[in-house]
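Notes follow the structure.
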Amino acid sequence: MDEQKETLRVGSAVRRRRRQLELTLAVVAERSGLSVPFLSQVENERARPSSRSLQRVADALRTTDVELLAAADPACTVDLTRAEEGDAATPSPSSPDAARIRNLVRGHHQLHAIEFTGDHDEGREFQHRNDELMYVVGGAVEVEAEGRAYRLGRGDSLYLTGGVRHRWRATVPDSQVLVVAVGDHIDAVDDSRR
């Protein structure tokens, strides 16, 4: 098999550095001579800057392109996680012994996917910064959100926007729930509008 060159997600490093300096995209655009839309695309990994553009961004952020690349997140275009690989299904620290949690996405990415099997601490309330989708793979659960109870069975899904407080519990033993969410470390707000 040919060894693929791993690409880097430099946009996340650019965003972290810009926020560390408390700069807006408009200020970085002015300092670098690049457009706000282009910088927004770079930060959101929709555009890859040339070496020259990366140097200009680094200068605007009072750092070097080498430091930005060193702080970049590695990215694979495809990462397969088989059932027997990856993070083992481990008991949840706040759950009954029968409850298991398995991360379905390895590493530090914008998207998180977790499989819950069994029940967990039904009194625990969640509130995530970004959107989340719950999908019942098997069994049944009850979710309380915004003062309302939702009963979900196999194949049902519930979409929660960022900021919604919620809690859930399995109503059938060994229920399986897939939770997919935008990582809390991601700012899903479009910075170009600020």
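The values are calculated or read from the model by the stated rules, or taken from the named source; none is laboratory data. From a predicted model like this one, the values you see are computed outputs, not experimental measurements. Because the Cβ atoms are built from the backbone with ideal geometry, glycine has one as well, and the counts that use them run over all protein chains shown. For accessibility, only protein heavy atoms count, side chains too; no ligands or nucleic acids. Shrake-Rupley method; radii C 1.70, N 1.55, O 1.52, S 1.80 Å.
Looking at Glu84, Glu43, Glu125, Glu142 in this structure, which one is more than 27 Å from Ser12 (Cβ to Cβ) and at pLDDT 90 or above?
After ruling out the rest, the residue left standing is Glu142.
Just give me the residues in segment 124-137 being assigned to a loop (DSSP other than H, G, I, E, B) and open to solvent by 50 Å² or more (accessible area, probe 1.4 Å), in sequence order. Explain how you work it out, then say what you get.
The initial filter retains those residues of segment 124-137 that are assigned to a loop (DSSP other than H, G, I, E, B), namely 124-125, 127-131.
Result: Arg124, Glu125, Gln127, His128, Arg129, Asp131.
I want to confirm something. Restricting to segment 107-122 and keeping residues that are in contact with a Lys or Arg (Cβ under 7 Å, 6 or more places away or on another chain), in a loop (DSSP other than H, G, I, E, B) and buried (at least 19 other Cβ atoms within 10 Å of the Cβ), which single residue is modelled with the lowest pLDDT?
Asp119
Select from segment 142-172 the residues that are surrounded by fewer than 13 Cβ atoms within 10 Å (Cβ to Cβ) and part of a strand (DSSP E or B) and list them in ascending order.
Within segment 142-172, Arg148, Ala149, Arg151, Ser157, Tyr159 meet the criteria.
Do we find a residue being acidic (Asp, Glu) and at pLDDT below 90 anywhere in segment 180-189? Reasoning before the result, please.
First pass over segment 180-189, keeping only residues acidic (Asp, Glu): 184, 187.
Restricting the remaining residues to those that are at pLDDT below 90 gives 184, 187.
Scanning segment 180-189 turns up at least one residue that is acidic (Asp, Glu) and at pLDDT below 90.
Rundown of residues vs (1) among the aliphatic types (A, V, I, L, M); (2) open to solvent by less than 80 Å² (accessible area, probe 1.4 Å); (3) under 22 Å from the mean Cα position of the chain (by Cα); (4) modelled with pLDDT under 95, yes/no style:
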position	(1), (2), (3), (4)
Asp2	no, no, no, yes
Ser12	no, yes, yes, yes
Arg16	no, no, yes, yes
Gln20	no, no, yes, yes
Ala60	yes, yes, no, no
Ala70	yes, no, yes, yes
